[in-house]
Structures are given as structure tokens and as C-alpha cells.
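Step one of this worksheet: look at the structure below.
What follows draws every value from the coordinates through simple rules; no lab data is involved. All figures in this text were calculated on a predicted structure; none of them were measured in a lab. A quick note on method: Cβ atoms are made from the backbone with ideal geometry, for glycine too, and the neighbour counts reach across all protein chains shown.
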Amino acid sequence: MGTCANCGTEFAPMPSRARYCSNACRQRAYRRRSAGTSTVVTELPGYDDAFVGRESELAELLSLLRKHRMLTLVGSAGVGKTRLAVELARRTKRVEVRTVELGKLSRSDQVVQAFAEAVGVYQHAGVALRTTLLAELSNRRILLLVDNCEHLVEECCDVVDAVLSRCPNLQVLATSREALRAVGEAVFPLHGMEDDAVRLFAERAGAPGDQDAIAAICTRLDGVPLAVELAAKLSGSVPLHELANRLDHRLDLLSDAGEQARHQSLRAAIAWSHDLLTTCEKELFRRLALLPGGFGLEIVQVLHGGAVIGLLTALQAKSLVVRGNDGRFRMLESIRLYAEERLREQGEYEVMAERIIEWLCEKGEPGVTSSILATEQVKALHQEYDNVAYAFAHLVVSQDERRLMLATMLLRVCFDRGYFTEAGAVLMQVLHQSSADARYRILALEYASLLAGQEERHDEAVKYAMEAIETAEIGGQELIMCRLFRTLASAHEGAGDVPNTAWALRQSIQHGVRNGNDVSVAVSSQNLGWRLLAQGDADAAAVLVEGALPVLRVHARQDVVAAAVHTSGCIALEREDLTTAGARFAESARLSATLPRAVLESVEGRGLVAMLSGRHELGVRLLAACQQMRTSWVVPPEPWWQGKMAAALDLAREALPRAAFARALNAGRAMDVRHALETALDKEIVQDEVLSDRQRMVVELVAQGMTNVQVAAKLGISHRTVESHVHNVKAVLNLSSRAQLVAWAQSN
């Protein structure tokens, strides 16, 4: 039986009147079309459950559908292309909607027939079906939802191009795992759900459940709706925590016999895409399985050999790999697990694992042969962190010395990111399991020293650093001695041993000079300069830091440059050169803007300059903000720097009315790091050389020969406030003595 497209009456269709029950209905439909109105007919798949989420995608897609006649939703297996397309078509107003289902087709000659059946067109004797189809659609206002095109892309594209060129009122909405490349095609990449995945899980499970546990499961499943729905159905019989623990076996776990074949299981959905690949594409696909942290072209070439760009592009086009904003490719975890099954099936697992381990260790080798890593080398370690962690846990055996190398690569990134608990866990696995003469043991000892210092186990920090130096000396690893002595200096500094800190830094500089490592020498010089500044020797500090800065600006990482520039700002502050100090602290803040903990000292420096320039409230806000964040993050300032800030706050407390000081303090404590940084950089910290009325009154009284106590009595303020005013005025006017201040007052 058929249904009349005009009146809805069921009838036995004949070829001559396939869509209408009578000529009268055919004529009524024609008149409506001619008048610019359409018969609203919607033939879409039905679902028993509710559509959840994707509202932002729907809004964007509706906008695209108004602008383009050809729109394709492209995404990986199970990402929800069909369900979203159906919902989008359902929300489309005043249009006839027909669904062309290609998923069950196996031959290219069936495509035209599928289009014809969807719109109610049958072949006439002596006339090609394609000709009849185009003639019938030429005047119809219709949206064709063409579903599951990926296995018949070329044939589908050919038909779509034909209907779009001959049928001006027709639109096509397609779903595919790769774009059709049709004329005028707009492609919408569809990815996994984010927050909506938790809602979807709860709706399909029929109960809210533990939101944190559900969120963790959804994250592990990359927010892929098919995987989330299958997991939700299991949650009624498998506790959430157990379900989460078994997700490494998701391809066996997540299935539903009640679904159609391709969606019965996660494995079947991915296998559909895999089976469409060429032999070379399948080979590359499985060889990428052991890189859960993503990959660039270099490692892909190592794994596959020869040209890979075309193959990788094909895998991306077919939604089996995705490319991130950073330019790196990756597989969704479920797809990666399927690829790993194929890798083991082909007997290539051990070979690929060995290639990955070798390549990763090459990336870590500079840590053994250089006292300081270049920016590109550090970036590579951060990019490959997840791959190194996977190789450390799964690919390399515990007896292999290279496991120690992988561990040190993890440790470097852990320290950069503040993952100290993770660093401790890694060290416990390798430090006492490696032989004393293992080549990479030196690095493990170095990180053990740094971790002990971080945890305030200062004696152990010194012990580990000394052992690392002794091991390097025995092994003749002179090239890293500059760095190892710098690590020892850090351990001594944590223990409060100032003389040995300076000694270790001088040893570091000597070794660096001997090896011609200018960058490492510059880093140690800046560190020694900071120590000398804290001891009150600003001139000696200036010689070291100003000599190091040009080298660091050219060759060092941004965070290292920021530290040196900050030290230079502190030297200027000690010399009461507020303009230079303010500029250096601003530069340091910009350099370290992406490192919240590192940027604190630069913001504090700007706060100190503000106070010394008479902008007490601004300075209090900045110092209070940093103080609050240091407490939250457990990042205490060094004693010398802490003393500077405490003295400045005392002066501000004297200079400001009690209410104003309290108001500034509370405002600062309410700031986050971004707000504090923007405030420090946006404000003109150093004021113009124009004094406030109160400062002019103080200067006039000083010029009359009054002491600070006499001025305080005259103005009814404390002598500390007067002292602060005098100090700030001299700083603003770049004067060094009271006599110069008197002379300035007499000439102005």
C-alpha cells in the first residue's frame, strides 16, 4: 500500500500514479506547488526515545541549511550523524522531506533506484529511471535526507550533483563518514558530545546516577553517543565504577542485540568504516594504534615508511583520525582500541611497539647530553607526554633500561605542570629498580632531588643531587654537569645553605664555560645574580644578569627569560629606578602570562612599583591578590622578596586611611590571576612626575627645614606616612638625598 502525498489516503500504487491516489489530488498538489506553497510531507525514521542535547549544533546547522543547498554531516562511527540529521530535518519548516537510506545497498547501480523509491518515482518503459527522477523533482520543493553515503561516495555524489543542477527547489542533507565532494557542498564535522553526554547517559539509563562517575565514563568514551547509549544500557546491571574499570574492553562490552547490525555493537560500527579502507589505508590505520596521545607526520613515517601524507589524509577524510587545533592527529579511543586488535591480528604489535620506544627515546636523548633543553625539545616532550606514559606503562618491559629514559621524560613534564604526586609515583617505580651504572639513572636521581626539595625533604634533595653528580663524573658525562650543579644549588637553597648555594652555582658556571654551553651558563648566572641581589650586592647581580639576558632572549625558553627579566626589574627597584623596574616587571609578566604560578612575582613587582610611585591602593590590590593565590597554590615567596612586600604593605597601611587600605585589600583578594595580570599590565603604574597636593605640602615643609616628626605634627599625620611621602617623592623625581629634594622645591 502507498499513502497519497496530498490527502494521506492509503491506496494500491500503480506506476502512473505512484504518489497520488487520483488525478484530482495530483492537480491539487500541482496548484499548491505553482502557488509557491508545498505539501508538507515528512518521511523520516522514527525513534522510541527522546532526542537529547546538540542544541548548539542544531542552531548552526539550521543556519547552514538556509545558506546552502548541499550540506553533509561528517563524523566517525557512532557519533550520531543520522539522529542529528533526522532531528534537523524534523525542525525544518514548510518543506517536503524524504529519506534516502543507502546503508543497506551494496552496488553502485542501486543508488539511483534508492533516490527514486524515496520520492515515489518508478521507471517508465523506454525511459531511464534517472531521467524520470530528474523530471519529477524539477518542480518539487523538497529536502532529501541521504543517509550513510560513505561506502558509495562517488555514485552518491554523481546523483546529488545531477539533482541539484536540474532541480532548483531541492536541497540535500547527507550523512557520511567522509565528504561527498559534491558541487557547492558545505561540510559540518560532527564530534562527540561534551556536557550533553552526561544527560544522554542519564536519560538512556532511566536514572540520574553518580554524576561524577557518569562524566568520567563519558569522557573515556570521547562523548560518542553510540558508546554512551550502550554503556547506559549496561549501567542497570553493572555498577558504574565497575563499568568504568572495564572500558579498556569496551569493544566486547558495549553491544545491543536489539539494534540494527551496524549499531549492534561499537565494534561493528567501527568495522563498517574499516572494511571500506584500501589495503594500504588499513595498514597505516592499525600501525597508529599505540599512540593514544596523538601523532605528527614524523612518527607516522617512522611507523609506516615511505609517503604517508596521502594515506593519513584519507583516514582523516573517512573520520578514522581527527586533526586537532595544534595540527596533531589522533584517534578516538574506541577506534584506537579497534586498530590495536587489528595490529595484534596481523602480528605487528611488537614491531610497532619497538619503533615507538626507539623514537620516543631519541626525543629524550638531549636530556642526557645537554645541560639545557631548547624550546622545541621541551615542546616535543610535552606533546608526547601521553604517548610516553603509555609506552612506559604498556610497551617496554621493566628490565629494559629504556624504561628509565621514558620515566625521566615523564618526570620533566610532571615538574613543568606541577604534577608532583604523579612524579613521585613514577620515581618509586624506577629509582630503586635500576642498576647503579645505568646510563639514564643520573636523570632519575636529578628529579628525585628536585622532588625532595619540592616536598621540603632538603637533606635528601642534597643527597640525591650529590649522587647524580658523582655518577656523572664516574661515567664521564661532563656535558650535563652544569645542570647538575644547578640542581645541587637548588637543594642547598631549600635547606637555607646560602654559601653552598653560591658555591654550587659558581661550579655550574665553570663547567658550562668549559663545555661552551653559553645558554646553560646564562641560566646559572641569572640564578647567582638573584642570590647576590638577595644578599644586598645589587652591582654584582647586575653584572651577571645583564650579561646573561642577551643570550637568554635569543636561545632560552620563555619562562627562563621571564625569570631573568624579573631579576633585572628587582635590581632596578633596588636602585630606585622605578621606570625601568616597572617596564621590566611588565615584560616579565607578559612572557609568563600563560604560567599562573610563574607570573605572580611579576605582578607583585608591578605592585611594588605602584606603591613606590604613590599609587598605594593599586599596589595593595595587586599584592593582596598574589598573596591570596600563593596561599591557595602553596607557592611561598622567597624570604628576601617576602620582606620587600611586607615593608611595602606597612608603608601603604600608614599612607592610606584605614577604610581605603581595607577596601584595597579585599578587592585584591577577590581577584583571580587573570584579573590581577590585566590590572598590572593595563594600568600606568609609574605616575607622571607631578606630585599630589599632600606630597607638595610635605615637600614645602621639608624645604623649610622641618624634620619628618615636625612635618607629621604640622599636618596631623604619622611620621611613618611622612617618611613614605618623602621616599616616594624622591623616587618619582629621581633624587637621592634630602638636600636634592630641598633644592628641587626651591626651584619649582
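What the table below lists for this structure:
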| read-out | value |
| --- | --- |
| Residues listed by number, segment 484-500, amide nitrogen under 18 Å from D459 label point at 7 Å toward C-beta | 491-498 |
| Efficiency of FRET between L715 and R323 - r from beta-carbon atoms, R0 56 angstrom, step 0.05 | 0.25 |
| Simple label model, 7 Å out from Cα along Cβ direction - T707 to H727, nm | 1.9 |
| Virtual paramagnetic centre 7 Å along Cα→Cβ of Q110, amide N under 20 Å, in segment 142-164 | 145-160 |
| q = 0.14, 0.17, 0.20 Å⁻¹: log10 I(q)/I(0) that the Debye formula gives for segment 55-189, counting C-alpha atoms only | -0.57, -0.85, -1.20 |
| FRET efficiency estimate (nearest 0.05) - Cβ-Cβ, S56 to T313, R0 22 angstrom | 0.20 |
| Shape call, segment 467-529: gyration tensor on alpha carbons, a/c limit 1.5 | oblate |
| Label-point separation in nm, A660 to E354, each point 7 Å along Cα→Cβ | 7.6 |
| Value at 222 nm in deg cm²/dmol, rounded to 500, when DSSP H runs of n ≥ 4 in the chain each add -39,500 (n - 2.57) | -19500 deg cm²/dmol |
| Radius ratio Rg over Rh of the chain, counting only Cα atoms, Kirkwood formula for Rh | 1.12 |
| Cα gyration tensor shape for segment 693-747, rounded if a/c is under 1.5, else prolate or oblate | prolate |
| Additional length obtainable on full extension of the chain from R91 to R506, 0.36 nm per residue less Cα span | 142.1 nm |
| Burial ordering of K714, K282, K93, fewest other beta-carbon atoms within 10 Å first | K93, K714, K282 |
| Greater than 29 Å apart at Cα, pairs in K104/K282; K379/K644; K67/K104; K67/K318 | K379/K644; K67/K104 |
| Nitroxide proxy distance, nm - points 7 Å out along Cα→Cβ at T132 and N169 | 2.2 |
| Largest-first ellipsoid semi-axes for segment 277-347, taking √(5λ) over the Cα gyration tensor eigenvalues, angstrom | 16, 14, 12 |
| Gain in span if fully extended, V498 to D48, counting 0.36 nm per residue against the direct Cα distance | 154.6 nm |
| Cα-based Rg and Dmax for segment 358-556, where Dmax is the largest Cα-Cα distance (Å) | 16.7, 54 |
| For q = 0.16, 0.20 Å⁻¹, Debye-computed log10 I/I(0) when each Cα of segment 532-594 counts as one equal scatterer | -0.47, -0.72 |
| Per-residue Cβ neighbour rank within 10 angstrom, fewest leading, M645, M405, M481, M706 | M706, M645, M481, M405 |
| Label zone at T580 (point 7 Å along Cα-to-Cβ), backbone N below 20 Å, segment 545-560 | 545-554 |
| Rounded to 5, percent antiparallel among DSSP beta bridges of the chain | 20 |
| Theoretical FRET efficiency, 1/(1+(r/R0)^6), r = Cβ-Cβ of D210 and A646, R0 56 Å, to 0.05 | 0.75 |
| Gyration tensor verdict on segment 561-682 (Cα atoms; rounded if a/c is under 1.5, prolate if a/b is larger than b/c, oblate otherwise) | oblate |
